[in-house]
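Chemist: One structure, as structure tokens, below. Some questions next.
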Amino acid sequence: MLWSALRLPVPDDTASPTDPALQALAIWALQFTPRVAVADEAVVMELAASVRLFGGWRALRERVVSEGSELGVDRIAWAPNSLAALALARAGVADGCHQPLDVLLDALPMETLSAVRPHRLTLAHIGCRSLGDVRRLPRGGIGRRFDKQLLAALDQAYGRAPEVHRWIALPERFAQRLELMFRVDDAPALLFGARRLLLSLCGWLAARHSGTTAFTLRWAHDAMRSKAAGEGGEITIRTAEPTRDIEHLCRLLAEHLGHVQLLAPVGDLELIADTVMPLEEQSTSWLPDDNEGGEALPLVLERIAARLGPQRVIRPVLCEDHRPEWMCRWQPAPEPLPRKPAIGSDFPQPGFILSAPLRLLVRANRPYYQGELQLLTGPQRVEGGWWDRDEAAGQIRNVVRDYWVAQSAHAGVLWVFQTRLDEAPAWFLHGVYA
């Protein structure tokens, strides 16, 4: 068994399992294991089955420490059981696995175990200073003078009795609030608090094996505001593909917040996941990755579109259409991508298509383009479009063509077609092979 305790700097007398900060930390921790519980001012999680999944003990520890510190965790400890991990975290001892558990716990102050705290004055009067002093007292006397919880907690912390936990369940919907430590007047400064909410969101998404394509950040204005400022504001961020990349989401949010003007100081934030979709996982390559550390093109396009405006950055999208002119359309980069079209052809396709087909000269029923063309492969028949009407031009975009791969002595390999069902069939140049 391997347990980790993540302790928040919450005063002992105000620690509550329903504390929003503890709940947010517990939801984030669910990405590592489904066995997560809240214990006083800390979140405990059982990680024995997750070590190999996250690349070994060292990699798992570094990730928990790095992301946990951003969520406000001040101390982290590891031990064979949750009570021992919590006691070590309170004492500032991180590693509870390098020495025998009895030796480590005996040296801790007795207040590090929650069940001892109600009796610490009495125990101090009889000379107890550490958990080892309490453990060495006669069990019969402890059972008669103190409650049963003290003996049970000692046995559980030292690994002599099983523990019982109330596990945290993964919520079906993500919506978290965060009270800022101080009032914020500048919108870009909201990113500091929003990042903590995004970390919880990414942990929740990882536990669901999903990604988000839309999330909303809401802010509430301070109570001392003008009536014209209103209750608050919000901004919705959309991505073309499902993602839970914390760095990309933060960059995207930062670009959008740069265009926001706050009408009053902000005291509270709320993050809501609007659209959640399953995220297809990719296996790690066994070979070195030449682009390791680089950012994917769709993520770069989304960030540039957030800076310049969605209509100023467009990207090509494949369509389910066998007519070459309408196989591709352009849309703003932040818009969600449609599903991949189920189209394909065994006929070789050109690398470059003309914006409008160029009519060719025909001599003795042979097409000419910088000389007579030699037909190599074909025909590939493309027919259809009776359903597609161009309202602006007032015509139906129906095509009836036979495509050929042709060789030109001077222009190289070309993509040409011959019209069909016309009174005078004609030849056109439509593409060029690289």
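The values are calculated or read from the model by the stated rules, or taken from the named source; none is laboratory data. Bear in mind the structure is a predicted one, so any value in this text is a computation, not a measurement. Don't worry about glycine lacking a Cβ; one is built from the backbone with ideal geometry, like all the others, and counts go over all protein chains shown. Side chains are part of the model used for accessible areas, which takes the heavy atoms of the whole protein and leaves out ligands, DNA and RNA. Shrake-Rupley method; radii C 1.70, N 1.55, O 1.52, S 1.80 Å.
Chemist: To the nearest 20 Debye, how big is the dipole of the chain about its Cα centre, given +1 on the beta carbon of each Lys and Arg and -1 on that of each Asp and Glu? Kindly include the intermediate steps, with their values, before the conclusion.
Modeler: Working: 47 positive and 52 negative charges, 150 e Å.
The dipole of the chain has a size of about 720 debye.
Chemist: Roughly what would the spin-label model give for Q349 and Q311, points 7 Å off Cα along C-beta, in nm?
Modeler: With each label point 7 Å from Cα toward Cβ, the separation is 3.0 nm.
Chemist: Output the Kirkwood hydrodynamic radius of the chain, Cα pairs only, in Å rounded to one decimal. List each step's numbers first, then the result.
Modeler: Details: mean 1/r = 0.0365 Å⁻¹.
Radius from the Kirkwood sum: 27.4 Å.
Chemist: Also, quick follow-up: On a 0 to 90° scale, report how tilted helix 148-157 is relative to the longest principal axis of the chain, with both axes built from alpha carbons and the result rounded to the nearest 10.
Modeler: 50
Chemist: Ignoring any ligand, DNA or RNA, what whole percent of the accessible area of region 1-92 comes from carbon and sulfur when the probe is 1.4 angstrom? Before the final figure, lay out the partial values.
Modeler: Numbers: 1950 of 3710 Å².
About 53 percent, which is the carbon plus sulfur part of the accessible surface.
Chemist: Per DSSP H run of at least 4 residues, take -39500 (n - 2.57); add these up for the chain, divide by its residues and hand me the 222 nm value, nearest 500 deg cm²/dmol. Don't skip to the answer; put the middle values down first.
Modeler: Numbers: 11 runs with 109 residues, N = 434.
Estimated from H runs of four or more residues: -7500 deg cm²/dmol.
Chemist: What distance in nm lies between label points placed 7 Å from Cα along the C-beta direction at S69 and F192?
Modeler: 1.7
Chemist: Same structure, new question: In the neighborhood of R61, defined by Cβ-to-Cβ distances under 12 Å, what is the net charge if each Lys or Arg adds +1 and each Asp or Glu adds -1? Each step should come with its number before you reach the end.
Modeler: Working: positive: R58, R63; negative: E62, E67, D95.
After counting each charged neighbour, the total is -1.
Chemist: On a 0 to 90° scale, report how tilted helix 20-29 is relative to the longest principal axis of the chain, with both axes built from alpha carbons and the result rounded to the nearest 10.
Modeler: Relative to the chain, helix 20-29 is tipped by roughly 60 degrees.
Chemist: When ranked by the protection proxy of mean other Cβ atoms within 10 Å per residue, highest first, what sequence do the peptides 415-421, 201-207 form?
Modeler: Values: 415-421: 19.3, 201-207: 22.0.
Going from most to least packed, we get 201-207, 415-421.
Chemist: If the elastic network links every pair of Cα atoms under 10 Å, which of L271, L279, L414 fluctuates the most in the Gaussian network model of the chain?
Modeler: In the Gaussian network model the winner is L414.
Chemist: Quick check: pseudo-label points 7 Å beyond the Cα along Cα→Cβ at A296 and R381, how many nm apart are they?
Modeler: For the pair A296/R381, the computed spacing is 4.1 nm.
Chemist: A further question follows. Looking only at Q370, Q311, Q31, which one moves most when the chain is put into a Gaussian network model with springs between Cα atoms under 10 Å?
Modeler: Q370
Chemist: Something else: Ranking request for peptides 79-88, 246-255, 324-333: highest mean number of other beta-carbon atoms within 10 Å first, then the rest in descending order.
Modeler: Details: 79-88: 25.9, 246-255: 18.6, 324-333: 15.4.
Averaged packing, sorted descending, gives the order 79-88, 246-255, 324-333.
Chemist: Specify which residue in the list A393, A434, Y403 is farthest towards the positive end of the charge dipole of region 385-434, using unit charges on the beta carbon of Lys, Arg (+1) and Asp, Glu (-1), about the Cα centre.
Modeler: Of the candidates, A434 comes out farthest on the positive side.
Chemist: Using the Karplus equation 6.51 cos²θ - 1.76 cosθ + 1.60 (θ = phi - 60°), what ³J(HN,Hα) coupling, rounded to whole Hz, does each residue of region 104-115 give in order, writing x for Gly and Pro?
Modeler: Per-residue couplings from phi come out as 5, 5, 4, 7, 7, x, 5, 6, 6, 9, 4, 5 Hz.
Chemist: Can I ask one more? Could you please state how large a percent of the accessible area of region 115-259 is carbon and sulfur, counting protein chains only and using a 1.4 Å probe?
Modeler: On the way: 4110 of 7940 Å².
In region 115-259, the share of accessible area belonging to carbon and sulfur is 52 percent.
Chemist: Also: Test of understanding: what is the full-extension gain from R329 to A364, defined as 0.36 nm times their sequence separation minus their Cα-Cα distance? The partial results should precede the final answer.
Modeler: Values: separation 35, 0.36 × 35 = 12.60 nm, distance 3.80 nm.
Value of the extension gain: 8.8 nm.
Chemist: Roughly how tilted is helix 297-308, in degrees to the nearest 10 and between 0 and 90, from the longest Cα axis of the chain?
Modeler: Around 90 degrees separate the two axes.
Chemist: A further question on this structure: Leaving out ligands and nucleic acids, note down the accessible area per residue over the chain with a 1.4 angstrom probe, in whole Å². Working shown, then result.
Modeler: Working: 24280 Å² over 434 residues.
That works out to 56 Å² for each residue.
Chemist: Follow-up. Give the residues of region 58-94 whose amide nitrogen is closer than 15 Å to a point set 7 Å from the Cα of A161 in the direction of its Cβ.
Modeler: Under 15 Å, as judged by backbone N against the label point of A161, lie 82-84 of region 58-94.
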